[in-house]
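Heads up: the structure comes next, in structure tokens.
The values are calculated or read from the model by the stated rules, or taken from the named source; none is laboratory data. Nothing here was measured: the structure is a model prediction, and the numbers come from that model. Heads up, the Cβs are rebuilt from the backbone with ideal geometry, glycines too, and the neighbour counts pull from every protein chain shown.
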Amino acid sequence: MTGHDTRAAGSRLDTSKGGNVSTHQEAGVPAGAAGVRAASRTRQTRETAIEGALRLDGAGKAEVETGIGFLDHMLAALACHARMDLVLTCRGDLGVDDHHTAEDCAIVLGSMLDEALGQRRGIRRFGAAYAPLDEALSRVVVDLVRRPSAVVELGLRRERLGGLATENIVHFFRTLAMEGRFTLHVDVLRGENDHHRAEAAFKALALALREAVVATGYPDEAASTKGAM
């Protein structure tokens, strides 16, 4: 897909003292260092125009406007339970369908997560969580080792949830893992209601990421036998 990414200036989420993430969040800033673990992006293509900002160590606040109500709902839940602050706005070609919007939002969110993590030293690296929503139960396991891989088993039966095709929920998770450069396993273990199944998956992802990004107190240490993440 053609297009370009840049750091977003003047976002509603102030990711740095001067409003430009690069003033303090360079790629080499280790987890747990002084400075905010944050990133911002703009992405412009013929299909979507997106602005985003992410702070890993936040309060779970979200300002999300993608044009797809169900996707907004899922991203707000992700930010809330991961305790990350997220701003994400998208103007997409929804007159075509929802694919480009879902995919490109995942690209932007994943790239911000990748940048905010820096060299990924001094973090727990692994995270695993279960999340229920009424009768639905989901399990997510992540490894932030920079080995992009995704196995996503949601078992959704409906064609759409609101304005979002259920196939694009799976695609969102996979794209997020590729752009965020991490390993992701998502399994919905049970559930009768597809809304519940999907939301439980996003909440479990949030909890797993919340665990994996925690600073260990050893900012120069890479949680790997290779000595690098």
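Could you tell me which numbered condition PRO148 fails, if it satisfies all but one of (1) buried (at least 19 other Cβ atoms within 10 Å of the Cβ); (2) modelled with pLDDT of 95 or more; (3) under 28 Å from SER40 (Cβ atoms)? Going through the list (1) buried (at least 19 other Cβ atoms within 10 Å of the Cβ); (2) modelled with pLDDT of 95 or more; (3) under 28 Å from SER40 (Cβ atoms), PRO148 breaks only (1).
Inside segment 123-145, can you point out the residues that are aliphatic (A, V, I, L, M) and surrounded by fewer than 17 Cβ atoms within 10 Å (Cβ to Cβ)? Correct list: ALA128 only. Scanning segment 34-69 for residues that are over 20 Å from ASP98 (Cβ atoms), assigned to a loop (DSSP other than H, G, I, E, B) and among the hydrophobic types (A, V, I, L, M, F, W, C) yields a total of 4.
Against the criterion of being crowded, with 19+ Cβ neighbours inside 10 Å, at pLDDT 95 or above, in contact with a helix residue (DSSP H, G or I) (Cβ under 8 Å, 6 or more places away or on another chain) and not assigned by TED's automatic domain parsing to the domain that holds MET74, THR175 qualifies. Applying the criterion of being charged (D, E, K, R) and closer than 19 Å to ASP72 by Cα to the residues of segment 178-205, the residue that is surrounded by the fewest Cβ atoms within 10 Å (Cβ to Cβ) is ASP194.
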